[in-house]
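A quick write-up on the structure given underneath.
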Amino acid sequence: MIASVRGTVLAALGTTAVIEVGGVGFSVQVTPQHALALRVGAEAMLHTALIVREDDLSLYGFADADELQVFDLLRSVTGVGPKSALGVLAAMSPVEVSHAVAVEDDAAFRKVSGIGPKTAKLITVSLAGKLSVVAPARASGARVATTVGEDVTVALVGLGWPERVAAQAVEDALAVATDADRAAVPALLRLALASLGPRS
């Protein structure tokens with residue numbers, strides 16, 4: 001079992017990152033926002049899950065242990081494969097998944113490509129009481145928004161925008177974001193990109 005990899009980022013595009021460890025390049029499946037946050041040439045540490053099938057070995061990587069935990073739990077649900085589980089984490093943070101399960105909000109999972117109504121309902125039923133990801137208290141909301149904002153700034157710089165421009169775009173996005181947007185990198189990234197507009 002490969003529990004984690006640490007090494008130099010050789011490539012990060014779409015949903016695939018290549019991490020060089022001891023001269024060997026590991027191809028790792030990641031969420032699109034995670035790929036954006038990885039910088040080619042920089043060192044990265046990913047928590048990983050190795051999926052073994054008869055004709056395939058696939059490595060899935062995550063920024064933190066919470067994402068890996070949610071990924072493993074999602075895969076335990078009938079009808080949810082590793083690609084669908086990764087799709088959920090591309091659309092929702094671990095805290096958002098935990099909250100959706102806690103309030104039995106299967107609609108949140110139906111928005112994910114590849115997750116149908118029956119599977120979405122099964123996720124909320126199967127994972128009830130199993131998620132240990134705790135949502136931050138309201139008092140720490142500003143700190144959470146700051147952390148998410150920093151992640152989005154890094155992602156924008158990785159896309160080619162100057163750091164000052166990226167930081168301003170994140171500030172603009174935070175000004176119009178909902179509480180849910182401020183707690184999720186994908187949502188805040190979309191708002192920041194919208195404020196920047198297409199690159200010339």
**Item:** Percent of C-alpha pairs per 5 Å bin, segment 4-62, short to long
**Value:** 4, 22, 33, 25, 11, 4, 1
**Request:** May I ask you to list the lysines whose Cα is less than 19 Å away from that of Lys130, ignoring any residue fewer than eight positions away on the same chain?
**Result:** Lys121
**Fill in**
If the chain between Ser58 and Ser113 were fully extended at 0.36 nm per residue, the gain over the current Cα-Cα distance would be 17.8 nm
**Request:** Please state the charge dipole magnitude for segment 65-126, taken about the Cα centre, from unit charges on C-beta atoms (+1 on K and R, -1 on D and E), reported in debye and rounded to the nearest 20.
**Result:** 320 debye
**Message:** Just to be sure I understand the model, the point goes 7 Å from the Cα along the line to the Cβ. What's the resulting Met1 to Val103 distance in nm?
**Reply:** 3.3 nm
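Please compute, over every Cα-Cα pair in the chain, the percentage with a separation greater than 25 angstrom. Before the final figure, lay out each step's value.
Numbers: 7938 of 19900 pairs.
That tail contains 40 percent of the Cα-Cα pairs.
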**Fill in**
Per the charge dipole of the chain (beta-carbon charges, Lys/Arg positive, Asp/Glu negative, Cα centre), the residue among Met1, Phe62, Leu193 reaching farthest to the positive end is Leu193
**Item:** For the chain, calculated [θ]222 nm from helices alone, where every DSSP H run of n ≥ 4 adds -39500 (n - 2.57)
**Value:** -14500 deg cm²/dmol
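Assign unit charges at the C-beta atoms only (+1 for Lys and Arg, -1 for Asp and Glu), then state the dipole size of the chain relative to its Cα centre in Debye, rounded to the nearest 20.
In total the dipole reaches around 280 debye.
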**Asked** Can you tell which of Val185, Val40, Val97 shows the greatest fluctuation in a Gaussian network model of the chain with Cα springs below 10 Å?
**Response** Val40
**Message:** Positive end of the dipole of segment 1-117, charges at C-beta (+1 Lys, Arg; -1 Asp, Glu), about the Cα centre: which of Leu86, Ala44, Leu10 has its Cα farthest in that direction?
**Reply:** Leu10
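Each reported figure results from applying straightforward, stated rules to the coordinates on display, with no laboratory input. This structure is a prediction, so every number in the text was calculated from the model and none was measured. Virtual Cβ from ideal backbone geometry, glycine too; neighbours counted across all protein chains shown.
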